[in-house]
1. Which residues, counting only those in segment 68-77, are of a type outside the set (V, I, T) and within 16 Å of the ligand (Cβ to nearest atom)?
2. Restricting to segment 137-155, give me the number of residues that are surrounded by fewer than 24 Cβ atoms within 10 Å (Cβ to Cβ) and among the small types (G, A, S).
3. Check V305 against each of (1) over 30 Å from K31 (Cβ atoms); (2) among the aliphatic types (A, V, I, L, M); (3) touching a Cys at 6+ places or on another chain (Cβ under 9 Å) and name the one condition it does not meet.
4. Search segment 372-385 for residues that are under 9 Å from E298 (Cβ atoms) and pair each with any residue that is among the basic types (K, R) and buried (at least 18 other Cβ atoms within 10 Å of the Cβ) when their beta-carbon atoms are under 6 Å apart and the residues are at least 6 apart or on different chains.
5. Taking segment 299-308 as the region of interest, how many residues are among the hydrophobic types (A, V, I, L, M, F, W, C) and within 16 Å of the ligand (Cβ to nearest atom)?
6. Among the listed residues A129, A120, identify the single one that is under 30 Å from R212 (Cβ atoms), touching a Gly at 6+ places or on another chain (Cβ under 6 Å) and among the aliphatic types (A, V, I, L, M).
7. When you look at A107, is it aliphatic (A, V, I, L, M), under 17 Å from the mean Cα position of the chain (by Cα), at pLDDT 95 or above and under 20 Å from A435 (Cβ atoms), yes or no?
8. So which residues in segment 175-211 are more than 20 Å from the chain's Cα centre (by Cα), under 17 Å from H226 (Cβ atoms) and among the charged types (D, E, K, R)?
Amino acid sequence: MRHFNTIILASILLADSTVFAKSNKTSISSKLPNIVFIFIDDMGYGDIGPFGSTQNKTPHLDQMAKEGIVFSNFYVSSTASTPSRSALLTGCYAERVGMEGDVVFPADKRGLNPKEITIAEILKSKGYATGCFGKWHLGDQPEFLPLKQGFDEYSGIPYSNDMWPGNTKRNWPPLPFMKDNKVVAYIPDGVNQALLCDAVTDATVDFIKRHRNNPFFAYVPHAYVHQPRYTLHERAEKADGNVFRAQVEEVDGSVGRILATIKELGLSENTLVFFTSDNGGSNGTSMGPLRGGKGGPEYEGHKRVPTIAWWPGRISANSMTFEIGATIDILPTLAGIAGAGIPDDRIIDGYDISALLFGRPGAKSPHDILYYGTGGVRQGKWKLVRIGDKNELYNLETDLGEKTDLSKQNPEKLQELSAQLDAHILDLNKNHRQAAFVENPKPLMTKTDNVPTLAEYMGLSDIETKENLIINGRNNNK
Ligand SMILES: [Ca+2]
């Protein structure tokens, strides 16, 4: 087990830009573009208008898609928050960086190793202001919080919103809301849960306004639409009493506020905004035409997520790509856009997909092969799903819903993909970096005395009235 002092020292040394490859020669505008990356929790492939939802009203996302590009084949690398976030921020499969498997819990010993180089660290090396707003979930110990992973500032909850005393399955500590490294408020009830989307959006908009004159990177991992789900009564009413729908519509409103802020500040033509989800949808969500969802076998609904990118003037309006992209590509792509290069002292699994993003004619996905954790692999139209010792084979071109297993009809392709997956697993075992661990983890919060609720912190202290305005509940649509 590593001692955390060693980890901290190593992270300082590795923050030195010497470990980055030489900047690539792509011409970039004289002013580096701002970047906003919005990462929704547990939203399914079919939950928003541009991906076919007719239930949820998402006018801002519809508009974003009209002004930008839709990625119809965009994947996360893991099914749960912690591994998925690890993959996004490091450009590596979660198994590569020791963050596969279970999520981290309050006062967990494990966290994303500070020796990993995150997107925030790369962009910071180019002078970006970096902020994280929302659910972190890469370790809640002081050694692992966002300010130790390249972010200048942070507001949000350190792990999932279901790890709280309202969930009686375990004896959870109070759920804190943090500003930078400090607990500034807590979330005692559904009233306060229902303010999480607003709190994250407020912090993001404030950050964008403060950094309008220098390049900024806002990473916005919303706590919504993860269960438990709560919303304000008026918002539930607008959504016909469907709490899940109301939450999706709040997320849409959040995107609207962020884009409106960028437009009002005159930053549209110098700001790249991404919207996607951290894994397949959980209960009550829609995967549209895809099979599966969060957890379970590696069917498409598990890891293919609704993704839109927006950058007026650089990304063609109303465009779409069917080429494969993935969250592991975000680090190399943003590094390229910022002229930063990527770390050259370690394996990075993702690729620069700016050719797809900017719609270069004939652009093809660099993913000849894409792995779904250690349980699936895709090559072009062919998809292998491994369940225990059994392999299934699907043709996604003719069978997007993965209904007809073609393993018996096409044993050669099955064998080929199975061998590829075996080789990938061997490589992950051989070329594997470690998560970091601390010796004596402690909860961030044990008592709530003298700590304001999130509502009080936000200046919405009329809690009793607010409580009456709440519909408390898991989605009632299932
Ligand atoms: Ca999630």
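The values are calculated or read from the model by the stated rules, or taken from the named source; none is laboratory data. This is a predicted model, so every value here is computed, not measured. Note that we place each Cβ from the backbone using ideal geometry, even for glycine, and neighbour counts take in every protein chain shown.
1. So the first thing to find is which residues in segment 68-77 are of a type outside the set (V, I, T), and the list is 68, 71-75, 77.
Residues satisfying the conditions are F74, Y75, S77.
2. Total satisfying the criteria: 1.
3. It is condition (3) that V305 fails.
4. Within 6 Å, the pairs are Y372/K303; G375/R386.
5. If we filter segment 299-308 for residues that are among the hydrophobic types (A, V, I, L, M, F, W, C), which is where we start, we get 305, 308.
This time we only want the ones that are within 16 Å of the ligand (Cβ to nearest atom), so: 305.
Result for segment 299-308: 1.
6. Numbers: A129 fails: touching a Gly at 6+ places or on another chain (Cβ under 6 Å).
Answer to the check: A120.
7. Values: aliphatic (A, V, I, L, M): yes; under 17 Å from the mean Cα position of the chain (by Cα): no; at pLDDT 95 or above: yes; under 20 Å from A435 (Cβ atoms): yes.
No; evaluated as a whole, the condition is false for this residue.
8. Of everything in segment 175-211, just one residue is more than 20 Å from the chain's Cα centre (by Cα), under 17 Å from H226 (Cβ atoms) and among the charged types (D, E, K, R), namely D189.
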